[in-house]
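Contents: one structure, followed by commentary.
The values are calculated or read from the model by the stated rules, or taken from the named source; none is laboratory data. If you're wondering where the values come from, they're calculated on a predicted model, not measured in any experiment. So basically every Cβ, Gly included, is an ideal-geometry build from the backbone, and we count neighbours across all protein chains shown. Note: accessible area is taken over every heavy atom of the protein model, side chains too, but ligands, DNA and RNA are not part of it. Shrake-Rupley method; radii C 1.70, N 1.55, O 1.52, S 1.80 Å.
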Amino acid sequence: MYDVVIVGAGTTGLTAAKFIAEKGYKVLVVDLRSEDDIGNKVCGDAISKEYFGGKIPLSEPPEYAIEGRIVGAKIYSPDEKTVWTVPGEGFMLNRRGFGKWLYSLAREAGAEFSFSTRALGPIVKDGKVKGITVRRGDKVESIESRLVVDASGVVSIIRRALPKSWPVAEELDFKDTAIAYREIRKINYAIEDEEYIRIYVSQEKAPGGYWWLFPYPGKMKVNVGLGVQGGVGHKDPMWYFNKYLANRIGGEVLHAGGGVVPTRRPLDTMVADGFAAAGDAAYQVNPIHGGGIGSGMLGAYLLAKNAVKALEEEPTIENLWQYNVDFMEAYGAKQAALDVFRIFLQSLSDEEINYGMRNKIIKEEDLLKASLEGDLKISSTDKLMRVIKALGKPSLLSKLKTVADYMKEVKELYLNYPKNPSEFDEWRKRVNELFNEYKNVLSKK
Ligand SMILES: Cc1cc2nc3c(=O)[nH]c(=O)nc-3n(C[C@H](O)[C@H](O)[C@H](O)COP(=O)(O)OP(=O)(O)OC[C@H]3O[C@@H](n4cnc5c(N)ncnc54)[C@H](O)[C@@H]3O)c2cc1C
C-alpha cells in the first residue's frame with residue numbers, strides 16, 4: 001500500500017513526487033513511457049525564471065537542462081507593423097534534460113517509479129478513491145494508495161473516469177483548448193535579438209491562437225509553431241504551418257509534433273476524497289499564451305504542501321481543500337481573469353488587433369501587468385478617446401472596458417474561493433453565471 005500514487009512523470013508529476021516523498025511518504029509514480037523517454041514532450045520549451053527560487057523552492061535548472069536564456073518577448077501585430085517588447089527573464093529549456101533533472105530530484109527524495117505502465121482508471125469504493133488499475137506488460141493490476149494524484153496531462157485519465165456527479169470530473173470543452181503543432185528547426189541565418197521569444201498574433205495564420213518563433217540563443221536553432229482554437233471548425237494547425245510558416249522559416253526540420261493545451265480557467269475544484277489533480281490535468285495553464293510548465297509545477301508544489309499535511313490524518317476532501325484555496329490565490333485568480341481576456345481576444349478581427357496595438361489602447365506596460373497579475377488598465381485620455389471616436393472604433397474601447405470590469409470581478413471571486421467544500425456549490429454557480437453573463441454582454445457589443 002502506497003501513501004501516494006502519482007499518474008504521470010511529466011514536469012507536474014515529478015515535482016509533486018519530489019515534494020511529497022521528501023517528507024518521508026511512500027510515493028509511486030507511474031508513466032506509460034519508458035524511463036529513457038522522460039522529458040520527451042512536444043513543447044515551446046520556454047519558461048519564466050520566476051518559478052525557480054521564488055514561487056517554488058527549487059534552484060535554477062542545471063546547465064544540461066537549459067539551451068539558452070531569454071530576456072523578454074516581442075509581440076507582433078497581425079500586420080507585423082507594431083512590435084511590443086515585454087521584458088521578462090526566462091529559459092529555453094532542454095526539455096529532456098529538464099525532465100531528467102526533475103526525475104533525479106524525485107528519486108533522491110525517495111520516490112519509486114514504474115515505467116511502461118499505463119494507468120487505466122481509478123478504484124472508487126464508498127465514495128472515495130482507493131487506488132488505480134494499471135496495465136504492465138500484458139497484466140492488469142490494482143495499486144492501492146491513500147491518495148491518487150492525476151498528473152497525466154490533458155488526457156486526465158483518472159480524473160475523467162471519476163463519477164460524473166463529482167465536480168472534479170468536469171469535462172474539458174474543446175473550445176477551451178488550443179490545438180498546437182510545432183517544429184524544431186536548424187537554421188543557417190542569424191536572428192536579431194535572439195534572446196527574445198517572438199509571439200505573432202494573427203487570426204489569419206493562427207485563428208483563435210498565435211504563432212511563435214522561439215530561438216535557442218547561440219544554437220542556430222528555433223522552436224516554431226502555432227496553436228489554433230479547438231472546437232470551432234478551424235483547420236488542422238499543420239495546414240496553417242505549411243501554408244504560412246514552413247517556407248518563411250526555412251532550414252532543416254529536427255523534430256516535429258503536435259499537442260493539445262487547455263486554455264481556460266483552472267478546474268473549479270481539484271480535489272475529492274483520496275484524490276487530487278495538478279498541471280494540465282487540472283487546466284493549470286496560462287489561457288493567453290498556453291504556457292503550463294511553470295504553473296503546473298507551482299500547482300504540484302502547492303498540492304504537495306497540502307497533501308503532506310492531509311496525510312498526517314486522512315486525505316479527505318476537507319483535508320485537501322486548502323490546495324484549491326492556495327492555488328487560486330497564487331495563480332488561479334490571475335488565470336481566471338486572463339481567461340476573460342482570452343475570450344475577448346478570440347472575438348477580435350486582425351484589423352481590430354492591428355488598430356488596438358498601433359494606437360496603444362492598451363500599453364505594453366499594462367499588458368505586462370495584466371499578464372503578471374490579471375489586472376487590465378486601459379488608456380483613457382481624452383485625446384485617445386477623440387482619436388478613437390474619429391476613427392470610428394468606439395465599440396472596441398467600450399468592449400475593452402467591459403473586459404477590464406469582468407476581469408476584475410472574476411479575479412475577486414477567485415480570490416474569495418470558498419474556505420471549505422460546503423460553500424463550493426454556491427461559488428461555482430456564481431462563476432458560471434458570471435462567465436455566461438460576460439459572454440452574453442460581449443457578444444452584444
Ligand atoms: C506545442 C506545445 C507547446 C507548448 N509550449 C509551452 C511553452 O513554451 N512553455 C510552457 O510553459 N508550456 C508550454 N506548453 C504547455 C506545457 O507543455 C504543458 O502545460 C506541460 O508540459 C504540462 O505538464 P504536465 O506534467 O501537467 O503534463 P504532461 O507533460 O502532458 O505529462 C503527462 C505525463 O503523463 C503520462 N501519461 C498520460 N497518460 C497516462 C496513462 N494513462 N498512464 C500513465 N501515464 C500517463 C504521459 O506519458 C506524460 O509523461 C506547450 C504545449 C504544447 C502542446
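A few notes on this one:
Listed here are the residues, each with its yes/no results for (1) within 16 Å of the ligand (Cβ to nearest atom); (2) assigned to a strand (DSSP E or B); (3) closer than 26 Å to residue 252 by Cα.
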{"position": "171", "(1), (2), (3)": "no, no, no"}
{"position": "175", "(1), (2), (3)": "no, no, no"}
{"position": "181", "(1), (2), (3)": "yes, yes, yes"}
{"position": "188", "(1), (2), (3)": "no, no, yes"}
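- Among the residues of the range 228-242, those identified as surrounded by fewer than 20 Cβ atoms within 10 Å (Cβ to Cβ), away from the ligand (no atom under 12 Å from the Cβ) and in contact (Cβ under 8 Å) with a residue 24 or more places away in the chain are 231, 232, 234, 236.
- Test: residue 61 is more than 11 Å from the ligand (Cβ to nearest atom), touching a Phe, Trp or Tyr at 6+ places or on another chain (Cβ under 7 Å), in a loop (DSSP other than H, G, I, E, B) and farther than 19 Å from residue 285 by Cβ: yes
- Any hit, the range 82-100, residues being on the phi > 0 side of the Ramachandran plot and open to solvent by 60 Å² or more (accessible area, probe 1.4 Å): no
- Counted residues, the range 285-307 - those being closer than 14 Å to residue 264 by Cβ and either in contact with a Pro (Cβ under 7 Å, 6 or more places away or on another chain) or of a type in the set (Asp, Glu) (or both): 1
- Of all the residues in the range 2-30, those that are over 24 Å from residue 178 (Cα atoms) and open to solvent by 20 Å² or more (accessible area, probe 1.4 Å) number 8.
- Within the range 205-244, tally of residues that are closer than 22 Å to residue 79 by Cα and either assigned by TED's automatic domain parsing to the domain that holds residue 349 or in a loop (DSSP other than H, G, I, E, B) (or both): 7
Here's the yes/no breakdown for (1) farther than 21 Å from residue 441 by Cα; (2) at pLDDT 85 or above:
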position: 352; (1), (2): no, yes
position: 358; (1), (2): yes, yes
position: 373; (1), (2): yes, no
position: 382; (1), (2): yes, no
position: 402; (1), (2): no, yes
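- Considered as a group, the residues in the range 190-222 that are among the aliphatic types (A, V, I, L, M) and either closer than 19 Å to residue 357 by Cβ or in contact (Cβ under 8 Å) with a residue 60 or more places away in the chain (or both) include one that is nearest to the ligand (Cβ to nearest atom), and that residue is 197.
- Residue pairs whose Cβ atoms lie under 7 Å apart, sitting 6 or more positions apart in sequence or on different chains, and linking a residue in the range 149-165 that is touching a residue at least 12 places away in the same chain (Cβ under 8 Å) and at positive phi to a partner that is within 11 Å of the ligand (Cβ to nearest atom) and in a helix (DSSP H, G or I), are 153/279; 153/280; 153/281; 156/281.
- One residue stands out in the range 274-301 among those that are among the β-branched types (Val, Ile, Thr) and open to solvent by 10 Å² or more (accessible area, probe 1.4 Å): the one that is farthest from residue 58 (Cα to Cα), namely 288.
- Residue within the range 11-26 that is more than 9 Å from the ligand (Cβ to nearest atom), hydroxyl-bearing (Ser, Thr, Tyr) and at pLDDT below 95 present: no
- The residues on offer are 145, 114, and the sole one that is within 21 Å of residue 303 (Cα to Cα), modelled with pLDDT of 95 or more and polar (S, T, N, Q) is 145.
- Single condition residue 225 does not satisfy, out of (1) within 24 Å of residue 176 (Cα to Cα); (2) away from the ligand (no atom under 15 Å from the Cβ); (3) not acidic (Asp, Glu): (2)
- A search for C-beta distances below 6 Å between a residue of the range 120-131 that is open to solvent by less than 40 Å² (accessible area, probe 1.4 Å) and any residue that is among the aromatic types (Phe, Trp, Tyr), counting only pairs 6+ apart in sequence or on different chains, returns 129/275.
- Considering each residue of the range 321-332 in turn, at least one proves to be more than 23 Å from residue 263 (Cα to Cα) and at pLDDT 95 or above.
- In the range 105-129, the residues that are small (Gly, Ala, Ser) and away from the ligand (no atom under 15 Å from the Cβ): 109, 110, 127
- Unmet criterion (only one of (1) surrounded by fewer than 20 Cβ atoms within 10 Å (Cβ to Cβ); (2) in contact with a Ser or Thr (Cβ under 8 Å, 6 or more places away or on another chain)) for residue 210: (1)
- Note on the range 132-171: residues that are surrounded by fewer than 22 Cβ atoms within 10 Å (Cβ to Cβ) and among the β-branched types (Val, Ile, Thr) amount to 7.
- Cβ pairs under 7 Å, 6+ apart, first in the range 243-272 and in contact (Cβ under 8 Å) with a residue 60 or more places away in the chain and among the charged types (D, E, K, R), second more than 16 Å from the ligand (Cβ to nearest atom) and open to solvent by 50 Å² or more (accessible area, probe 1.4 Å): 252/186; 268/428
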